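One structure below.
The values are calculated or read from the model by the stated rules, or taken from the named source; none is laboratory data. For clarity, every value in this text was computed on a predicted model and none was experimentally measured. Counting neighbours? That spans all protein chains shown, and the Cβs are built from the backbone with ideal geometry, glycine included.
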Amino acid sequence: MRNFIAAALLAALTLAAGGAAAETPPDEVIRATVKEVLGVIRERRAELQQNPRELRALIRTRVAPVFDAARIARLILGRHYKTASKRQVADFIREFEDFLIRTYSSAVFEYDRLEITVQPPQFNSKGDKALVKSVVELPARDPVKVHYKMRADKNRRWRIYEVTVNGISLITNYRTIYGKLIEREGLDGLIAQLAAKNRKHGEQ
């Protein structure tokens with residue numbers, strides 16, 4: 001599971017160098033920022049290894065603005081989203097985002113020597129959604145196909161709402177896992193579990 005999450009996020013990290021300017025095509029958002037963000041990780045490797053909190057703060061700053069957190073939460077929760085309160089949705093978004101950040105933080109140094117090839121985007125008929133396909137090359141590993149579904153917000157900034165890795169959907173994966181837990185313990189039970197794990201790792 002950790003390898004799947006890391007693979008899904010390793011290229012997503014490269015998208016988030018403070019947010020791209022409006023009207024920047026989605027593939028250019030990816031291409032233009034890969035070198036910058038990976039450069040930060042490589043340049044500060046020793047420092048960040050010694051300071052996990054600083055690493056998590058860096059990843060939060062770079063990653064969070066690029067994801068459409070509200071849409072991702074709605075897709076992951078599925079039918080449970082309809083019966084969730086606003087408080088529950090907000091809590092789930094916060095804890096799931098923290099979960100992704102700490103998961104990536106624990107694996108980032110294993111995947112910092114990647115090369116990524118990005119293909120031209122495939123737009124929908126309205127031009128407000130795009131599929132961006134990429135291939136990630138990792139040392140001594142088979143290439144990983146990472147595809148992004150992105151949507152333009154009202155300011156024409158492109159944000160990710162789905163990632164697939166070698167055909168495996170991040171959304172579907174967590175909808176299945178969390179759906180079973182919600183059936184057993186309720187949405188508040190899921191949020192509590194995520195929060196407890198996040199607090200535990202946040203203390204390190």
Modelled with pLDDT of 65 or more, of a type outside the set (D, E, K, R) and at negative phi - does that describe any residue in the range 13-22?
no
Among the residues of the range 156-170, which ones are under 19 Å from Ile116 (Cα atoms) and in a loop (DSSP other than H, G, I, E, B)?
Asn166, Gly167
Would the range 183-200 turn up any residue that is in contact with a strand residue (DSSP E or B) (Cβ under 9 Å, 6 or more places away or on another chain) and either surrounded by 15 or more Cβ atoms within 10 Å (Cβ to Cβ) or charged (D, E, K, R) (or both)?
no
For the range 146-157, enumerate the residues that are surrounded by 15 or more Cβ atoms within 10 Å (Cβ to Cβ) and over 15 Å from the mean Cα position of the chain (by Cα).
Ala152, Arg157
Does Phe96 meet the test of being of a type in the set (A, V, I, L, M, F, W, C) and modelled with pLDDT under 85?
no
Report yes if Ile160 is surrounded by 18 or more Cβ atoms within 10 Å (Cβ to Cβ), touching a Gly at 6+ places or on another chain (Cβ under 8 Å) and either more than 30 Å from Asn51 (Cβ to Cβ) or hydrophobic (A, V, I, L, M, F, W, C) (or both), otherwise no.
no
Within the range 44-57, is there a residue that is of a type in the set (A, V, I, L, M) and farther than 25 Å from Ala192 by Cα?
yes
